[in-house]
Amino acid sequence: DSGVTQTPKHLITATGQRVTLRCSPRSGDLSVYWYQQSLDQGLQFLIQYYNGEERAKGNILERFSAQQFPDLHSELNLSSLELGDSALYFCASSVGQGGMNTEAFFGQGTRLTVV
Amino acid sequence: DAKTTQPNSMESNEEEPVHLPCNHSTISGTDYIHWYRQLPSQGPEYVIHGLTSNVNNRMASLAIAEDRKSSTLILHRATLRDAAVYYCILRDWRKTSYDKVIFGPGTSLSVIP
């Protein structure tokens with residue numbers, strides 16, 4: 001158990017809909033990362049938050065948005081869903097304060113299926 | 001960002017040692033070398049990391065070349081549970097509050113009983 005909790009584990013929704021994925025980081029971790037993993041793309045970095053602020057952005061679509069709340073949990077919002085958005089979405093957290101301890105802990109992922 | 005290159009796939013016999021190579025010829029002085037692995041249907045998990053010296057932990061050993069342009073993850077006795085995709089990643093310790101943690105394709109390790 002990594003200590004990172006993602007909900008829901010599975011989600012099936014129709015094209016055009018909007019969903020919210022939730023991530024609770026490990027206690028004390030300030031950084032949260034979101035990744036998308038589809039069969040043919042590998043692990044794609046989407047976005048990183050640090051202590052409530054957006055810090056780094058990857059290839060995140062405009063239809064996707066995220067935020068990190070004061071209690072440090074994070075949500076990834078996916079809207080106008082398309083079939084190609086079907087993937088595993090992972091959240092990771094790390095202390096994020098620099099130095100040697102830069103290990104990132106990953107949740108078990110949310111499997112999103114768009115039909 | 002400095003990049004890493006790894007073989008796409010490797011095979012090992014069970015209970016044999018496995019050496020997983022990674023090249024990172026453009027590594028900078030502030031980059032730590034991290035290894036993660038992803039078991040089937042699970043999130044990636046941290047394996048080991050190092051800067052210059054070789055490192056050992058309960059999961060594996062990390063051997064870093066003297067010029068730091070390559071490294072090798074060593075699994076001393078492969079088990080079936082070690083079948084996974086192994087990722088070699090560089091992380092600049094100065095940027096951990098805003099770095100991207102980019103994963104490449106990794107090496108898919110198969111363990112043969």
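The values are calculated or read from the model by the stated rules, or taken from the named source; none is laboratory data. The model shown is predicted, which means the values in this text are computed figures rather than measured ones. Every residue, glycine as well, gets a Cβ built from its backbone with ideal geometry; the counts of neighbours run over all protein chains shown. These area figures cover heavy atoms from the full protein model, side chains too; ligands, DNA and RNA do not enter into them. Shrake-Rupley method; radii C 1.70, N 1.55, O 1.52, S 1.80 Å.
Scan segment A:26-82 for residues that are farther than 19 Å from A:Thr7 by Cβ and of a type in the set (A, V, I, L, M, F, W, C) and report the count.
Selection size over segment A:26-82: 7.
Among the residues of segment B:16-28, is there at least one that is open to solvent by less than 60 Å² (accessible area, probe 1.4 Å), of a type in the set (A, V, I, L, M), within 13 Å of the chain's Cα centre (by Cα) and over 23 Å from A:Gln44 (Cα atoms)?
From segment B:16-28, those open to solvent by less than 60 Å² (accessible area, probe 1.4 Å) are B:18, B:20-22, B:24, B:27-28; that's our starting set.
Next cut, of a type in the set (A, V, I, L, M) only: B:18, B:20, B:27.
After this cut, where a residue has to be within 13 Å of the chain's Cα centre (by Cα) as well, the list is B:18, B:20.
Subsequent filtering for residues that are over 23 Å from A:Gln44 (Cα atoms) retains B:18.
Yes, that holds for at least one residue.
Taking segment A:24-48 only, how many residues are in contact with a Gly (Cβ under 8 Å, 6 or more places away or on another chain), of a type in the set (A, V, I, L, M) and more than 14 Å from A:Asn59 (Cβ to Cβ)?
1
Which of the residues belonging to segment A:56-82 are touching a residue at least 40 places away in the same chain (Cβ under 8 Å) and surrounded by fewer than 19 Cβ atoms within 10 Å (Cβ to Cβ)? Break it down stepwise before answering.
Going through segment A:56-82, the residues touching a residue at least 40 places away in the same chain (Cβ under 8 Å) turn out to be A:72-82.
Hits for segment A:56-82 are A:His73, A:Glu75, A:Asn77, A:Ser79, A:Ser80, A:Glu82.
In this structure, is B:Ser97 of a type in the set (S, T, N, Q), touching a Ser or Thr at 6+ places or on another chain (Cβ under 8 Å) and modelled with pLDDT under 95?
Working: of a type in the set (S, T, N, Q): yes; touching a Ser or Thr at 6+ places or on another chain (Cβ under 8 Å): yes; modelled with pLDDT under 95: yes.
So B:Ser97 fits the description; yes.
I'd like to verify a number: residues in segment B:33-65 that are touching an Asp or Glu at 6+ places or on another chain (Cβ under 7 Å) and farther than 18 Å from B:Thr5 by Cα, how many?
1
Taking segment B:30-52 as the search range and keeping residues that are at pLDDT 90 or above and open to solvent by 40 Å² or more (accessible area, probe 1.4 Å), which one is farthest from B:Ile64 (Cα to Cα)?
Filtering segment B:30-52 for residues that are at pLDDT 90 or above and open to solvent by 40 Å² or more (accessible area, probe 1.4 Å), the one farthest from B:Ile64 (Cα to Cα) comes out as B:Gln42.
Yes or no: segment B:74-89 includes at least one residue that is part of a strand (DSSP E or B) and polar (S, T, N, Q). If you could, list the steps in order and put the result at the bottom.
Here is the first cut: in segment B:74-89, the residues part of a strand (DSSP E or B) are B:74-75, B:84-89.
So of that shortlist, the ones also polar (S, T, N, Q) come out as none.
So far as segment B:74-89 goes, no, none of its residues is part of a strand (DSSP E or B) and polar (S, T, N, Q).
Of everything in segment B:1-54, what is of a type in the set (D, E, K, R) and under 17 Å from B:Ile89 (Cβ atoms)? Give them in sequence order.
Restricting attention to segment B:1-54, the residues satisfying the condition of being of a type in the set (D, E, K, R) are B:1, B:3, B:11, B:14-16, B:31, B:37, B:45.
Of everything in segment B:1-54, those that are of a type in the set (D, E, K, R) and under 17 Å from B:Ile89 (Cβ atoms) turn out to be B:Asp1, B:Lys3, B:Asp31, B:Arg37, B:Glu45.
Looking only at segment B:100-112, count how many residues are modelled with pLDDT under 95 and either away from chain A (no Cβ under 13 Å) or touching a Leu at 6+ places or on another chain (Cβ under 8 Å) (or both).
Summing the residues that are modelled with pLDDT under 95 and either away from chain A (no Cβ under 13 Å) or touching a Leu at 6+ places or on another chain (Cβ under 8 Å) (or both) in segment B:100-112 gives 1.
Name the residues in segment A:59-70 that are at pLDDT 90 or above and within 12 Å of chain B (Cβ to nearest Cβ), would you?
Step one: list which residues in segment A:59-70 are at pLDDT 90 or above, which gives A:60-70.
Residue satisfying the conditions is A:Ile60 alone.
Do any strands (runs of 3 or more DSSP E) entirely within segment A:1-55 hold 2 or more residues that are within 11 Å of chain B (Cβ to nearest Cβ) and open to solvent by less than 60 Å² (accessible area, probe 1.4 Å), and if so, which? Break it down into steps so the answer makes sense when it comes.
Details: elements: A:5-7, A:10-13, A:19-24, A:31-38, A:42-50.
The qualifying strands (runs of 3 or more DSSP E) are A:31-38, A:42-50.
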